[in-house]
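Here's the structure we're looking at; comments come further down.
Values quoted throughout were computed directly from the atomic coordinates according to the rules given, and no laboratory measurement underlies them. Predicted model, so just to flag it, every value in this text is computed and none were measured. Cβ placement follows ideal geometry from the backbone for every residue including glycine, while neighbour counts extend to all protein chains displayed.
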Amino acid sequence: MTRYLTKVIDTLQRLGEWTIKKIPQADNTSPSIIETFTCNTIEGSQEEGQEWTKVIIEYLRTGALPDEPKCLYCSKAQYVLAELHEGVCGNHSKGRSLAHRAHSQGYYWPTMKNDAMAYVKKCDKCQRRAPIPHVPSETLKPISSPWPFAQWGMDTVGPLPIATA
């Protein structure tokens, strides 16, 4: 953007005198000179060695996605998981949904689900904001009910002395 801005400033300085005039859309009925010179197609040739761009060009022309998923190596897979989990559109989803998002984006690697689960377990923000499970730290031990013994009892002290009034 800065290169474009410097180019515009340079062009405006070479023009000498210029003014900016706002024309409302309702008043702008005649086609401008710029609109008459527009071109809807871009002519160009594809150089050899750029076979990877054919899939992108085909998608832009027809909207057809490639049939085969992109297989990734470990370092690239970690980058994809990081972008999907924490990136601009990341929502810190759980492991299974993160693996599903990566697969629906067209990526694949053999340990996708396990890597996604491990990545979510290492995410600090997910660990801090995850709901606290209401599970005891150790297994519960059953306690026998005291109710059967609450109905009867036995006095083993003996007769109690009568107090004087």
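Can you tell me what percent of all Cα-Cα pairs in region 70-129 are more than 16 Å apart?
32
Could you compute Rg(Cα) / (2.2 N^0.38 Å) for region 92-165, with N its residue count?
2.66
Give the residue from Gly87, Tyr108, Gln127 lying farthest towards the positive end of the charge dipole for region 70-129; charges sit on Cβ (+1 for Lys and Arg, -1 for Asp and Glu) and the dipole is referred to the Cα centre.
Gln127
Tell me, what ³J(HN,Hα) does each residue in region 110-118 have, in order and in whole Hz, if you take phi through Karplus 6.51 cos²θ - 1.76 cosθ + 1.60 with θ = phi - 60° and put x for Gly and Pro?
My calculation for region 110-118 gives x, 9, 4, 5, 5, 5, 5, 4, 5 Hz in order.
Which order results if Ser137, Ser144, Ser93 are arranged by neighbouring Cβ count within 10 Å, fewest first?
Listing Ser137, Ser144, Ser93 from fewest to most nearby Cβ atoms yields Ser137, Ser144, Ser93.
Given H placed on each backbone N at 1.01 Å, which residues far from Tyr107 in sequence or on other chains put an amide H within less than 5 Å of it?
Lys70
Sorted from fewest to most neighbouring beta carbons within 10 Å, what does the list Leu12, Leu98 look like?
Leu12, Leu98
So which GluC sites (Glu not before Pro) in region 76-165 are both in a DSSP loop and have at most 12 other Cβ atoms within 10 Å of their Cβ?
Within region 76-165, the qualifying GluC sites (Glu not before Pro) (loop, at most 12 other Cβ atoms within 10 Å) are Glu138.
In the structure shown, do any of Lys54/Lys94; Lys70/Lys94; Lys7/Lys76; Lys70/Lys125; Lys54/Lys125 have a Cα-Cα gap over 31 Å, and if so which?
Correct reply: Lys54/Lys94; Lys7/Lys76; Lys54/Lys125.
Relative to the Cα centre, what is the charge dipole magnitude of region 63-165, using +1 at the beta carbon of each Lys and Arg, -1 at the beta carbon of each Asp and Glu, and rounding to the nearest 20 debye?
300
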